[in-house]
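Structure first, commentary second.
The values are calculated or read from the model by the stated rules, or taken from the named source; none is laboratory data. The model shown is predicted, which means the values in this text are computed figures rather than measured ones. A quick note on method: Cβ atoms are made from the backbone with ideal geometry, for glycine too, and the neighbour counts reach across all protein chains shown.
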Amino acid sequence: MLEPIGDKELSRGDTLAFTAKATSAFGQTKVFSLAGAPQGATIGASSGRLQIRMSVTAPMPIRITEISLH
């Protein structure tokens, strides 16, 4: 289960970097991915480390998903 991240607010040119955290039942492997992220946004599939440099000024929602594999 993905732990809450909360809203983040950046200005154009700012860089956001943080690690998404999740728990899984029974020691399952976690895989992180991004949906709807702007070009240049990355997330480590196994680490959950997200990094993005904002190049626009409009609000931009990004969805982070976590999948537990058996």
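In the stretch 33-55, is there at least one residue being free of Cβ contacts under 8 Å to residues at least 24 places away in the same chain, touching a strand residue (DSSP E or B) at 6+ places or on another chain (Cβ under 9 Å), among the charged types (D, E, K, R) and surrounded by 11 or more Cβ atoms within 10 Å (Cβ to Cβ)?
There is no residue in the stretch 33-55 that is free of Cβ contacts under 8 Å to residues at least 24 places away in the same chain, touching a strand residue (DSSP E or B) at 6+ places or on another chain (Cβ under 9 Å), among the charged types (D, E, K, R) and surrounded by 11 or more Cβ atoms within 10 Å (Cβ to Cβ).
Are any residues in the stretch 37-68 of a type in the set (A, V, I, L, M), modelled with pLDDT under 75 and over 17 Å from Ala20 (Cα atoms), and if so, which ones?
Selection gives Val56, Ala58, Met60.
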